[in-house]
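**Student:** After the structure tokens below, expect a handful of questions from me.
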Amino acid sequence: MGPHPAVADVRRAVRLSLADLAARMQPDAGPGPLVLVACSGGADSLALAAATGFAAPRLGLRAGLLTVDHRLQKGSAGRARDVVRLAPALGLGP
């Protein structure tokens, strides 16, 4: 049984958006380009991060995550730390 249809849709969208970058890679040129995902910790950016962590390596790309604490909400520093801690589980480097 595959992933939930919504998860499959997001993964497919990410794969399609990264396909051109992957197609331009030179064979045996070493590690693939680094794709960075900006993640606030909200549901939408976490979904994008998870889908990128899944799709990018399958296309020969490296995937990383970055987050910025703009200090706009109470508790935002803790949320930023949680996002950074979650990155490896999503297949994303810092």
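The values are calculated or read from the model by the stated rules, or taken from the named source; none is laboratory data. Since the model is a prediction, treat every value here as computed from it, not as a measurement. With ideal geometry, Cβ positions are generated from the backbone for all residues, glycine too; neighbour counts draw on all protein chains shown. When the accessible area is computed, the model is the full protein with side chains, heavy atoms only, and any ligands, DNA or RNA have been set aside. Shrake-Rupley method; radii C 1.70, N 1.55, O 1.52, S 1.80 Å.
**Student:** Among the numbered conditions (1) in contact with a strand residue (DSSP E or B) (Cβ under 9 Å, 6 or more places away or on another chain); (2) farther than 30 Å from Ala23 by Cβ; (3) open to solvent by less than 70 Å² (accessible area, probe 1.4 Å), tell me where Val68 comes up short.
**Tutor:** The failed condition is (3).
**Student:** Hey, another quick one. Quick check, is Arg11 touching a Phe, Trp or Tyr at 6+ places or on another chain (Cβ under 6 Å) and open to solvent by 30 Å² or more (accessible area, probe 1.4 Å)? Outline the logic, then answer.
**Tutor:** Details: touching a Phe, Trp or Tyr at 6+ places or on another chain (Cβ under 6 Å): yes; open to solvent by 30 Å² or more (accessible area, probe 1.4 Å): yes.
Yes, satisfied.
**Student:** Return the total of residues in the stretch 14-38 being of a type in the set (A, V, I, L, M, F, W, C), assigned to a helix (DSSP H, G or I), in contact (Cβ under 8 Å) with a residue 40 or more places away in the chain and surrounded by 13 or more Cβ atoms within 10 Å (Cβ to Cβ). Can you show your working first?
**Tutor:** Initially, the stretch 14-38 is screened for residues of a type in the set (A, V, I, L, M, F, W, C), giving 14, 16, 18-19, 21-23, 25, 29, 34-38.
The next check asks that each one be assigned to a helix (DSSP H, G or I); those that pass are 14, 16, 18-19, 21-23.
So of that shortlist, the ones also in contact (Cβ under 8 Å) with a residue 40 or more places away in the chain come out as 14, 18-19, 21.
When the remaining residues are screened for being surrounded by 13 or more Cβ atoms within 10 Å (Cβ to Cβ), the result is 14, 18, 21.
Residues meeting the conditions: 3.
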